[in-house]
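Student: One structure, as structure tokens, below. Some questions next.
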């Protein structure tokens, strides 16, 4: 793998927060105006919708969308909640961000503005950073790199799959563990697969998730994590993790070449 060829195709971040409640159109419009002012945008589109009221539910759901094209990419913000039994979700980010620094600044400003503009005192319960990137394999074939180097599958087994082999993918998951450290030990999902628009390219997707509580309920109150960092700090932690894993693979590639 060639670390210097790493390019970021998408940078997204999400908070889950509560207590959940219904946000009417008037309040959503006010939040949109505040976000436009904070980011200096006058062309951020606004969409608002509600779900149908269902029996047994205290409130119908809502969905708020802001969007703005920039260059070859898009900046987008979604605030939604299907009903009051679930936390409110704020998802924001870039498809083809102009730069990582620009993306991180916009995420911080947007999150701060949304949480301050919505009426109420909010508790953050989950933070999630999602990175989409591409990187070149050392060989001419990304399929060959994944199958023979990452998975170490022999050529005979590959031949028996059938021809032509058009795609290959590897997914790895690391579970979270209980901690009161804001950034330590998140859940990680890392996918490495063939980049469909470049046979030499690798597509990488990393999802890092920090939750208040560990996966298994615990009575140890010292393991309750505070979700108290800015989006940029969670994103930067994820970027460092992804770069570290790519550099590690590149070192393995180099060791194999030397042998």
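Student: For residue 96, all conditions in the list (1) within 15 Å of residue 38 (Cα to Cα); (2) surrounded by 15 or more Cβ atoms within 10 Å (Cβ to Cβ) hold save one; what is the number of the exception?
Tutor: (1)
Student: While we're on this one: If you scan region 174-208, which residues turn out to be more than 19 Å from the chain's Cα centre (by Cα) and without any contact (Cβ under 8 Å) to a residue 12 or more places away in the chain?
Tutor: 197
Residue-by-condition table, conditions (1) at pLDDT below 90; (2) in contact with a strand residue (DSSP E or B) (Cβ under 8 Å, 6 or more places away or on another chain); (3) surrounded by 13 or more Cβ atoms within 10 Å (Cβ to Cβ); (4) part of a loop (DSSP other than H, G, I, E, B):
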| residue | (1), (2), (3), (4) |
| --- | --- |
| 158 | yes, no, yes, no |
| 167 | yes, yes, no, yes |
| 178 | yes, no, yes, yes |
| 226 | no, no, no, yes |
| 240 | no, no, no, no |
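Student: I've got another one for you. I'd like to know if region 73-86 contains one or more residues that are over 17 Å from residue 131 (Cβ atoms), over 19 Å from the mean Cα position of the chain (by Cα) and modelled with pLDDT of 95 or more.
Tutor: No, there is no match, as no residue in region 73-86 is over 17 Å from residue 131 (Cβ atoms), over 19 Å from the mean Cα position of the chain (by Cα) and modelled with pLDDT of 95 or more.
Student: Show me the strands (runs of 3 or more DSSP E) found entirely inside region 24-119 where at least 3 residues are under 30 Å from residue 6 (Cα atoms).
Tutor: 62-70, 73-81, 88-95
The values are calculated or read from the model by the stated rules, or taken from the named source; none is laboratory data. Just so we're clear, the structure is a prediction, and the values are computed from it rather than from any experiment. All Cβ positions, glycine included, derive from the backbone under ideal geometry; neighbour counts span all protein chains shown.
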